[in-house]
Every structure is written in C-alpha cells, then in structure tokens.
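Working notes, structure below.
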There are 2 protein chains.
Amino acid sequence: MTDANFILKGNICYSRDISRFQTYEKSYIICERGISRGVFDVIPEQYKTFPLFDCGEQLIIPGFTDLHVHAPQFPFRGLGMDMELLDWLNTNTFPEEARYGDEVYARQMYGKFVNELKRGGTTRACIFATVHIPATKILMELMEESGLISYVGKVNMDRNSPDYLREESAECSAEDTRKWIEETGGRYRFTKPILTPRFTPSCTDELMRRLGELQKEYQLPVQSHLSENYQEIDWVKELCPAAAFYGDAYDMFGLFGRGPCTIMAHCVHSTEAEQKRMKENGVFIAHCPESNMNLASGVAPVKKYLAEGQRVGLGSDVAGGSTTSIFRAMSLAIQASKLRWRLKDETVNPLTAQETFYMATRGGGEFFGKVGSLETGYEFDALVIDDSAWDIPGRYTVGERVERMIYLADERCIRAKYVAGRKCSV
Amino acid sequence: MTDANFILKGNICYSRDISRFQTYEKSYIICERGISRGVFDVIPEQYKTFPLFDCGEQLIIPGFTDLHVHAPQFPFRGLGMDMELLDWLNTNTFPEEARYGDEVYARQMYGKFVNELKRGGTTRACIFATVHIPATKILMELMEESGLISYVGKVNMDRNSPDYLREESAECSAEDTRKWIEETGGRYRFTKPILTPRFTPSCTDELMRRLGELQKEYQLPVQSHLSENYQEIDWVKELCPAAAFYGDAYDMFGLFGRGPCTIMAHCVHSTEAEQKRMKENGVFIAHCPESNMNLASGVAPVKKYLAEGQRVGLGSDVAGGSTTSIFRAMSLAIQASKLRWRLKDETVNPLTAQETFYMATRGGGEFFGKVGSLETGYEFDALVIDDSAWDIPGRYTVGERVERMIYLADERCIRAKYVAGRKCSV
C-alpha cells in the first residue's frame, strides 16, 4: 500500500457532463493507487483500512489543467498590455525570452514560475519554454520536483524573429529538438517533452516538415497557436498560400491532431472550415480568455465549440494573461462570453459556471487521459477548497458554493492538492 | 501637531492628468494636518521636525474611491451570475435585502462588508444600504469606526418591488428618509447620508418629487442607477413617458446634478442627449465594469466619456460585481474596453492603464473634493504598496510598476493606508 491509498471526506463536486455539476454532501471519495474509486455515503468494506482525512465543511473538486502557459513570460506579466499580439511579441516577449540563454537567470525565474503553479489550483499543465535547450531542461527539472504533471516544450522558431532569438536553420532547430527529446523523453516521471513550433509565422515550411517527422518518429504531442489575431491570420495567409486556412498550415505537416494529440491555443477567429478540421482531427482548443482580452484579440465562440463537441480546456496564457490562476481564467471566460454575446453575436449564448468548470477540469484534463473528474476510474487530481471566508454555512448548495468559488477563490483557499493521488505541497 | 503631520519616503505615483502618471523615485511626500504638501527630493526646512516613515522600495499611490457599491449584497457576491439585471434583482437581490429588517443580521453582515473594505485599497466609498433605517444606521456606525470616509444611502423604493421590501407610500418613504437625515446628518465625522432613490422603476414620481424637496432642504448629494440594461431602459420609457431620456426622469425632480452632487452608476447605454445632460449638470458616472460584464449589460464608452470631460470614477458594484477590489475594477475596465473596441465599436479606443488609474483615484475622488491625488493641497489619502512578490528590482520604472500593480495586486500588497492623513488599519 502506498500513500496514494486514502479516503477524503467532504463536499464533493465534479462535472457530470459539459453543463451539469455532480455534487455530494459530506461524502467519502476513495483514492486507490492514485485512481478514484468513486464517491460513497458510507465507506465500502474493502476500503475500510485506508486512512481517512476529514475535510469538514470544505469542498473537494478536481484539479485544474492549464492547457497553455508560457513559463519564460512570467517575469513581465501585467506589463505592456496596450499592444496587440505582433507588437507585443516584438516589444515585450522576444527580448525577455532571449534572457533564457543564461542558465542562472532561467533557474531563478523558472523557479518563481513553478512556485506560483505549485501554490495554485493547477495539477496539470502544457508549458511553452523558449528555444534554449539548457534552460528548457532546467524548467523540466523544476516541474518534476514540483510533483505536478506537465508537458514542457522547447520552442522552435527559424524565421520572422529577432536575430538574437531565431534558430540558425530549420535543420539546426530540428536536430536540437531531436537531441532534447532523446535527453528528456524518458528522463522524468511527471514531465514529458511536447513538440512546440511557436506559430506558423515563426517556422519555415522546412522546419514544420522536420518537426512532423520527429512527431512520427517519437510519437510526441504538439502544441502551438492558432487564429488568435486578425493581423496574424492575414500574415499566415501570405506566408502559406497553399494552406486552405491557418490550421491547415499545421495539418499539412502532420502537426494538427489526427495521430498526434495537439493543443491549439486561442482559436478566436477560426473559420467554419478550420473548426470542422479541428473537430475531425480531435484537436484540443486552449481557450485563454484573459490573454484574448489583454491583447484585444477578441473572444472565441466557446459555447458553440462545446455544443459541437470540440475538445476545449482553459489556458492562463501567461503573459498574454497576467495570472496563472485558473480560478481567474474561469470567471473571465464567463465574463468575456457575456460581452461577446451582448456586443457581437446573440446566436452564441454566454458560458455558464458549469461549462466553465468543465473546461477547467475535464475539458483540459482529457489531454492527459482520464483526468479532470473525480468519478470512478479517473486519476485522482483533487483540490480541497476552504471557502469559509465567504460562505454562509447552511445557506448554499454544494453547486452554488462551487459557482461562487469561480468568482471569489484564489490560491489562498487551497488547503490541499493531490496529483494522481500524491499530496503536493501548496 | 497631530499624527496627521508626517513624511513618507518611497516611490510615488499619482495622476498628472487623465492620461499621464506623475512619478517620483525615492522621494519625500509631506502630510500636514491631513493635507499633502507635495513631493520633494529633499525634505524642506519647515517640515524637518515631522516624523519620517521610510517605505523603502515600496510604491506610494493615492487611495481609491469606490463610487458605487451595495453593502447588503455582499453576502451573496458571486452567485446567480447567469441572469440579466431585472431577473437578478428579483431572484437574488431583493430577498437578500429584505433580511436587513433584522438588526442582528445587519450587524453581522455589514461587519463583514466593512472589514473587507478596510483590508482593501478603498479610502472613500459611496454606498447603498437598504430601505431599513435601523440597519442603515448600523452600517453608518461601522463605516465610521473603520475610519474610511463615505456616503451611505438609505434606499427609497415605493413601486415595482416585492411587498416585503416596498415602502408603504411615497409619503412614508420620504418622511422616514427625513427622519434618518435628521438623525444621521451631523452625527458622524467620516460618514454622511446621501439620497438614494434605487432607480426610476422603483420610485413613483411622487416619491421622486419629495426626494427632490429633501435634497433642496438638506443640500444632500444623490446616488442612483442609469441606463444599465436595455430592458430597464425600455421600462423607464414606459413608466416616465414625459422624460426625454432616462436621466431626464431624475433631472425633472432635481436629482441629476446641477445643484446636488450626483452619482449615476453604469451609463452603459446612455444616448447622446443623456450624455450631454450629464456633462452640463456635472453628474458623476460610476463605471462598474465587472457588474456590467456579469449581468451581460454591455460596456460603457468610457474613453469617450473621459475625452469629452465627463466626470468618471470606478465602482465595484458588489454584488453585480463579485469583489470590492478596485484593483480588479481597474484591470476589468481595461479588459472590457478592449472587447468593446474589438467586438463593437472601433471608434472608441481601449482604456489605458493611466486612464484607469485616474478613474480609480482622482476621477472618483473628486466627488469628495480635493481627493484622489498626492499633489499639493489634496487630502492625504494614500496606499503603501509592496509589489516585491512580482517586481524585479531595478528593471522597471515606477510607472511600469504601477501598471503591473493594476493587474497583479490585491489587498495583500497593501502595507499601509491613510485616509485624510489618518493611518487606518488594513
């Protein structure tokens, strides 16, 4: 018996489906070897020997997945929020990312980033690093020590980037990436490499082709950006005239779902054809509401994506977003969807609390397998939430308390965090 | 010499004008009898005897004004955010406000509200209570003890409200209000009454007429709601066919600026004629971005209001807003303005950090007189902000640090708070 055999007692909530909470008052949830064995009114006989932790009045919910976050951008979060995407990249992002050529700097700043993730509600994350392999390995080491489960990507960029950050050639970029995959692919228990072409404007066709080959060879997942900003989309049209739409510029190189598990961040302005391809290919959409507000990109029609069976999770997208908090991403997702409905398009309804909670937990968690729920058979990622600072005992249902949590909680409310059954420090 | 004579040393920032920060590195700001005597590189001879408090690397900024907040709605903040205004009032707000007929409940819940205000960055506030006079007096007592400076309004409502909350008649409502003004008008040092017709749908013409008389007799300021929601606006057209526009329904009774200092919350959908009248009458607009998102009301064209010389401050509008934090109101004001620009109307540019900081400080502060700046002659409302949790020493200017504060700060960063020179506990 490992420490991943135990029982929590508390007020439990997870997503029954996209639009409904499943809630249990003062019930027992069993974790056996890191897997949920379900929720019970009384402890079943076969689990009676497991240690019981009584969480009292607290809430027990699934851990959050952050499907899209840039670790090296953490130091300047909240700065330069008066630009759109392309100016912001050149002015704020690229100069900062260049600093990660320095391993001492990387260790210091990635340390701060990882500490912030540890304190928050995130149990799983898909993370962009920079082009630098030593710094990316440092980030992977730090993530591994945190106990959180993550994919970390060495970024590829061989065009339209400043000299100080651009990789020498498609060949160098791909060969470095191969070397990095070889070194890190089997090295960690909780931390895996993910192919990370920055976005189409930063990667030549030749680089994309080589990354597609690496994908096949190593069977790696992929993460990138898609249809975030109007200028970006126009630019991709110029750069890739053969592509039917932006996403097709990934798909033609085998980097857009189908075989590889793929996350595309944003999808704010995806055309119907692009949406159709995402659905067919099983691409995950990382909805990043704060970033899409801060960079004035717009608001993705997320309710439509969910209704049509797209796979959608939430991303903090630091530093387009200012915070790694998925609580904040949830409330901003709802708020942004309301403004989209009111200001632009009344055919796509606002998101509900339930839908947003789904995206933060099961929607993003699915990228990691059976993750993001507390129902039987799911990996036991859980948060114990103390909402006593604002709850009025006895007044609200568990579901109403979870709804209020979306707006009112931050990392201070997290009393315990479990990742695949392991208790992690917060 | 009182304790309101002192000097702070630190990194100082206030609004030079609507669009620019005025910043000073490691400088001295003098507070004499509660009034700023300006910022200096070296301490002038005549102030050398004042005690000096060195704030080190910390920021010193003006205190915030919350121009619009509903104290009795604090207990259910974050709940029921899937409705628009009128449904939300009937479902969530009115039943909760009815509880304040119970003084024990009122003392308990108002106590929580006031504690939250004390811990945050707000130094001045304009607060709605409920129709209940005993509970409103309790709120005034608690605000007085907090040391913050505020206007508190007993709410008037004599129509279109549930029986359990509606006042018996226009006469009863007005006479109760007179009694409350007599009892509280001169009673407190920091807490004053303000006339508070809930909004036009809740008040008969007769009640408005009587409140207009009370305004003249006691020379009180006024606060209410204006042009928040489309259904509300249509309803006012039906209820007040004689009014040229919604705001005119207040103006015809002398409750819309001119003489009385007046705050109108929201002004999301104000027509050009209404905007013109607000400008002529010197009405203060309380911009409440979170509430306007949560209730899917829309986004006020705030940049236009500022450019045209309207008086604009920020309101948390709890519980349309979920938090009393004016930090959050600032970041959401910027974010909402970007979505308005992107989704609806590119003729009104997004708000900048500087403009939003201006609204949070000088814009709203002006309702209280020379408040909301640290320049010479202003009342000394100040916050000492510790941004060391995210600052990178030596990298950013004071202005950049204030910009980042807007996105990243919460009440934990506030190391000291001064209201008219008095140090208040946080």
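Numbers for the structure displayed
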read-out	value
Condition check for A:Glu355: open to solvent by 10 Å² or more (accessible area, probe 1.4 Å), under 18 Å from the mean Cα position of the chain (by Cα) and within 11 Å of chain B (Cβ to nearest Cβ)	yes
Hits in the stretch A:358-403 (condition: within 14 Å of chain B (Cβ to nearest Cβ), surrounded by fewer than 19 Cβ atoms within 10 Å (Cβ to Cβ) and part of a loop (DSSP other than H, G, I, E, B))	A:Ser388, A:Ala389, A:Ile392, A:Pro393, A:Gly394, A:Arg395, A:Tyr396, A:Thr397
Qualifying positions in the stretch B:7-17 - buried (at least 18 other Cβ atoms within 10 Å of the Cβ) and touching a helix residue (DSSP H, G or I) at 6+ places or on another chain (Cβ under 8 Å)	B:Ile7, B:Asn11, B:Ile12, B:Cys13, B:Tyr14, B:Ser15
Filtered residues of the stretch A:209-219 (kept if part of a helix (DSSP H, G or I) and surrounded by fewer than 24 Cβ atoms within 10 Å (Cβ to Cβ))	A:Arg209, A:Arg210, A:Gly212, A:Glu213, A:Leu214, A:Gln215, A:Lys216, A:Glu217, A:Tyr218
Condition met for A:Phe50 (away from every other protein chain (no Cβ under 14 Å) and either within 24 Å of A:Ile406 (Cβ to Cβ) or outside any helix (DSSP H, G or I) (or both))	yes
Residues being in a loop (DSSP other than H, G, I, E, B) and within 14 Å of chain B (Cβ to nearest Cβ) - total across the stretch A:260-298	7
Hits in the stretch A:25-47 - residues which are charged (D, E, K, R), in a loop (DSSP other than H, G, I, E, B) and under 27 Å from the mean Cα position of the chain (by Cα)	A:Arg33
Residue list for the stretch A:404-426, restricted to those being buried (at least 17 other Cβ atoms within 10 Å of the Cβ) and at the interface with another protein chain (Cβ under 10 Å from one of its Cβ atoms)	A:Arg404, A:Met405, A:Ile406, A:Tyr407, A:Leu408, A:Ala409
Matching residues, the stretch B:72-93, being aliphatic (A, V, I, L, M), open to solvent by 20 Å² or more (accessible area, probe 1.4 Å) and within 13 Å of chain A (Cβ to nearest Cβ)	B:Met83
Output for the stretch B:161-174, where each listed residue is assigned to a loop (DSSP other than H, G, I, E, B) and either crowded, with 18+ Cβ neighbours inside 10 Å or in contact (Cβ under 8 Å) with a residue 60 or more places away in the chain (or both)	B:Ser161, B:Pro162, B:Tyr164, B:Leu165, B:Glu167
Residue check for B:Asp102: over 21 Å from A:Tyr407 (Cα atoms) and either within 11 Å of chain A (Cβ to nearest Cβ) or over 22 Å from the mean Cα position of the chain (by Cα) (or both)	yes
Test: residue in the stretch A:115-122 that is under 30 Å from A:Tyr407 (Cβ atoms), open to solvent by 10 Å² or more (accessible area, probe 1.4 Å), within 14 Å of another protein chain (Cβ to nearest Cβ) and not in a helix (DSSP H, G or I)	yes
Residue under evaluation B:Ile35, criteria (1) at pLDDT 95 or above; (2) within 16 Å of B:Ser291 (Cβ to Cβ), criterion not met	(2)
Any hit, the stretch B:64-71, residues being over 21 Å from B:Val398 (Cα atoms), in the same structural domain as B:Tyr164 (by TED's automatic domain parsing), open to solvent by less than 50 Å² (accessible area, probe 1.4 Å) and not in a strand (DSSP E or B)	yes
Pairs with Cβ under 8 Å, 6+ apart, first in the stretch A:369-388 and at pLDDT 95 or above, second assigned to a loop (DSSP other than H, G, I, E, B) and among the aromatic types (Phe, Trp, Tyr)	A:Lys370/A:Tyr378; A:Val371/A:Tyr378; A:Gly372/A:Tyr378; A:Leu374/A:Phe380
Residues being of a type in the set (Val, Ile, Thr), within 11 Å of chain A (Cβ to nearest Cβ) and in a helix (DSSP H, G or I) - total across the stretch B:300-351	1
Test for A:Asp3: is it at pLDDT below 95, open to solvent by 50 Å² or more (accessible area, probe 1.4 Å), within 20 Å of B:Trp390 (Cβ to Cβ) and of a type outside the set (A, V, I, L, M)	no
Verdict on B:Glu228 being in contact (Cβ under 8 Å) with a residue 60 or more places away in the chain and buried (at least 17 other Cβ atoms within 10 Å of the Cβ)	yes
Search result, residues across the stretch B:297-328 that are open to solvent by 10 Å² or more (accessible area, probe 1.4 Å), of a type in the set (Gly, Ala, Ser) and in contact (Cβ under 8 Å) with a residue 60 or more places away in the chain	B:Ser325
Unmet requirement for A:Glu403, which otherwise passes all of (1) in contact with a helix residue (DSSP H, G or I) (Cβ under 9 Å, 6 or more places away or on another chain); (2) of a type in the set (D, E, K, R); (3) in the same structural domain as A:His287 (by TED's automatic domain parsing)	(3)
Flag if A:Tyr110 is open to solvent by 10 Å² or more (accessible area, probe 1.4 Å), more than 26 Å from A:Gln231 (Cα to Cα) and either part of a helix (DSSP H, G or I) or away from every other protein chain (no Cβ under 11 Å) (or both)	no
Unique match (being within 24 Å of the chain's Cα centre (by Cα) and either outside any loop (DSSP other than H, G, I, E, B) or free of Cβ contacts under 8 Å to residues at least 40 places away in the same chain (or both)) among B:Gln22, B:Gln58	B:Gln22
Residue within the stretch B:182-200 that is among the hydrophobic types (A, V, I, L, M, F, W, C) and over 19 Å from the mean Cα position of the chain (by Cα) present	no
Output for the stretch B:26-48, where each listed residue is open to solvent by less than 70 Å² (accessible area, probe 1.4 Å) and out of contact with any strand residue (DSSP E or B) (no Cβ under 8 Å at 6 or more places or on another chain)	B:Glu32
Per-region count, the stretch A:180-195, residues outside any helix (DSSP H, G or I) and touching a helix residue (DSSP H, G or I) at 6+ places or on another chain (Cβ under 9 Å)	9
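So that you can scan it fast, the table gives a plain yes or no per residue for (1) in the same structural domain as A:Gly153 (by TED's automatic domain parsing); (2) not hydroxyl-bearing (Ser, Thr, Tyr):
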position: A:Tyr28; (1), (2): no, no
position: A:Gly34; (1), (2): no, yes
position: A:Glu57; (1), (2): no, yes
position: A:Pro95; (1), (2): yes, yes
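The values are calculated or read from the model by the stated rules, or taken from the named source; none is laboratory data. Remember, predicted model here, so these are calculated numbers, not experimental data. Here Cβ is always computed from backbone atoms with ideal geometry, including for glycine, and neighbour counts include all displayed protein chains. Calculation scope for accessible area: heavy atoms of the full protein, side chains included, ligands and nucleic acids excluded. Shrake-Rupley method; radii C 1.70, N 1.55, O 1.52, S 1.80 Å.
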